[in-house]
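Notes to accompany the following structure.
The values are calculated or read from the model by the stated rules, or taken from the named source; none is laboratory data. Remember, predicted model here, so these are calculated numbers, not experimental data. A quick note on method: Cβ atoms are made from the backbone with ideal geometry, for glycine too, and the neighbour counts reach across all protein chains shown.
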Amino acid sequence: MTRSAPIPDSVTLHVPFRIVRRGGRKEMQLPEGVMHLRRTDNTLVKALARAFRWKSMLESGEYATIAELAEREGIALSYLTRVLRLTLLAPDIVETILDGRQGSEVTLARVLEQFPLEWKQQSGRLNHA
């Protein structure tokens, strides 16, 4: 069996992308319209896990107050309360974050900002930067 065209020694691929900084890390950003793979934001996932863990600790009576919990965890009370609010996010938003399907505009800093308590309003605000 013979081939009509020789096999090249190397192949060059050109992939359009740019490097952007996010939270002190460099991240590859693909152009608009390109299918993006799932991108789990570990910082955001860890914050959600902490929020639900802290909520459970408070509900179980392990800690009587948020201030007591903040002191035990060695973090600022204001930070704990902002992160704890993540337990009020709509379930579909939490699922989207855990699956890594959130848009690039959904960052920890963005979700720690004040957000509406009504789930329908949250989706509109977080999905449209």
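When R101 is tested against (1) within 17 Å of G23 (Cα to Cα); (2) in contact (Cβ under 8 Å) with a residue 60 or more places away in the chain, only condition (1) is not met.
The numbered conditions (1) under 30 Å from V15 (Cα atoms); (2) in contact (Cβ under 8 Å) with a residue 12 or more places away in the chain are all true for M28 except (2).
The helices (runs of 4 or more DSSP H) found wholly in region 1-116 and carrying at least 1 residues that are loosely packed, with under 15 Cβ neighbours inside 10 Å, more than 11 Å from the chain's Cα centre (by Cα) and at pLDDT 80 or above occupy 42-59, 66-73, 77-84, 91-99. Determine which member of the set L30, L13, L69, L58 is over 22 Å from Q122 (Cα atoms), among the aliphatic types (A, V, I, L, M) and in contact with a His (Cβ under 7 Å, 6 or more places away or on another chain). One residue alone meets the criteria, L30.
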